[in-house]
Amino acid sequence: MQFSRWDAQGNVYLLTEQDLTADDVRASVADADGVLQVTARGEDWAEIVIWNPDGSTAELSGNGTRIAARWLARETGAPVVRIRVGPREVVARMLDGDEVEQDMGEVEVYERERVADLDVTAVSVGNPHAVVEGDPADLPLIGPLLETHPRYPSRTNVQVARRVGPGEIEARVWERGAGETASSGTSAVAVAAALGKEDTVVQFPGGPLRVRFEGNRAFLTGPARPVD
């Protein structure tokens with residue numbers, strides 16, 4: 001298999017245009033957070049499949065679509081590209097350096113509920129999230145507990161987050177099918193939406209991601225770069 005290796009604030013994906021199976025993915029991602037399979041593309045658009053390390057697929061990944069967008073822009077020179085993941089389309093605009101701004105679409109925030117003795121806010125960013133406001137150091141306990149809780153029969157991504165200042169949130173993320181990762185684009189959107197839906201810098205262990213809102217629509221900005 002031929003892959004290029006990409007980094008998005010510590011979230012590492014392998015990217016390929018070759019056909020893949022779940023077994024191919026499981027054999028390839030020992031040191032990566034997933035695989036981006038480009039199944040079709042044009043000058044300013046691409047369709048991708050996002051594979052988790054366990055061979056399952058994800059409905060959406062903000063870091064993954066940003067990597068695919070920067071990859072396509074490097075290939076074709078397009079300043080704005082569209083990345084399709086199943087029924088969802090993310091429009092990405094290239095900024096200076098490695099930065100990319102993505103229109104992540106509508107975000108839905110649900111009423112807080114009690115799950116496993118925790119106050120949890122469910123958020124949909126095209127994929128499912130369970131946000132707990134608290135100490136991010138508690139993620140290793142909370143993440144696997146909620147990911148596989150019966151409340152989420154298809155499993156869920158989990159974030160533990162807290163405000164550390166005006167417009168700034170500290171968070172750690174447990175990704176469904178991958179475990180803890182250094183950052184997550186859709187998780188940045190989810191925690192910003194759950195903790196107030198205001199323009200926010202979300203600080204992950206892998207680095208910051210910026211989220212802004214226009215009504216219920218979220219825009220995510222961060223870097224994506226190839227790894228030599």
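The values are calculated or read from the model by the stated rules, or taken from the named source; none is laboratory data. In this text the structure is predicted, and so the values were computed from the model without any measurement. Note that we place each Cβ from the backbone using ideal geometry, even for glycine, and neighbour counts take in every protein chain shown. Protein only, heavy atoms only, side chains kept; ligands, DNA and RNA dropped before computing areas. Shrake-Rupley method; radii C 1.70, N 1.55, O 1.52, S 1.80 Å.
At-a-glance table
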| read-out | value |
| --- | --- |
| Within the stretch 67-106: backbone nitrogen closer than 15 Å to the Arg225 label point (7 Å, Cα to C-beta) | 67, 70-71, 95-100 |
| Around Ile50: net Lys/Arg minus Asp/Glu count, Cβ-Cβ under 13 Å | -1 |
| Efficiency of FRET from Cβ geometry, Glu43 and Glu99, R₀ 22 Å, rounded to 0.05 | 0.55 |
| Residue-by-residue Karplus 3J(HN,Hα) for the stretch 212-228, coefficients 6.51, -1.76, 1.60, Hz, glycine and proline x | 10, 10, 10, x, 8, 8, 10, 10, 10, 10, x, x, 8, 8, x, 9, 5 |
| Simple spin-label estimate for Glu198 and Ala27 in nanometres, 7 Å along Cα-Cβ | 5.2 nm |
| Probe 1.4 Å, protein heavy atoms only - accessible area per residue of the stretch 69-228 in square angstrom | 43 Å² |
| Among 180-188, 29-37, 148-156, the order from most to least packed when residues are scored by Cβ within 10 Å on average | 180-188, 29-37, 148-156 |
| Estimated translational D of the chain in µm²/s (Stokes, Kirkwood radius over Cα pairs; 20 °C; 1.002 mPa s) | 124 µm²/s |
| Max mean-square fluctuation residue, GNM over the chain, Cα-Cα springs under 10 Å, options Gly42, Gly167, Gly177 | Gly42 |
| Most mobile of Arg163, Arg74, Arg66 in a GNM of the chain (Cα contacts under 10 Å) | Arg74 |
| Karplus 3J(HN,Hα) series, Hz, for the stretch 115-121 with 6.51 cos²θ - 1.76 cosθ + 1.60 (x for Gly, Pro) | 9, 6, 6, 10, 7, 10, 10 |
| Accessible area in the full protein assembly, largest first, 1.4 Å probe, for Leu95, Leu72 | Leu95, Leu72 |
| The stretch 141-228: radius of gyration over Cα atoms, expressed as a fraction of 2.2 N^0.38 Å | 1.11 |
| Probe 1.4 Å, all protein chains present, accessible-area order of Met104, Met94, Met1, largest first | Met1, Met94, Met104 |
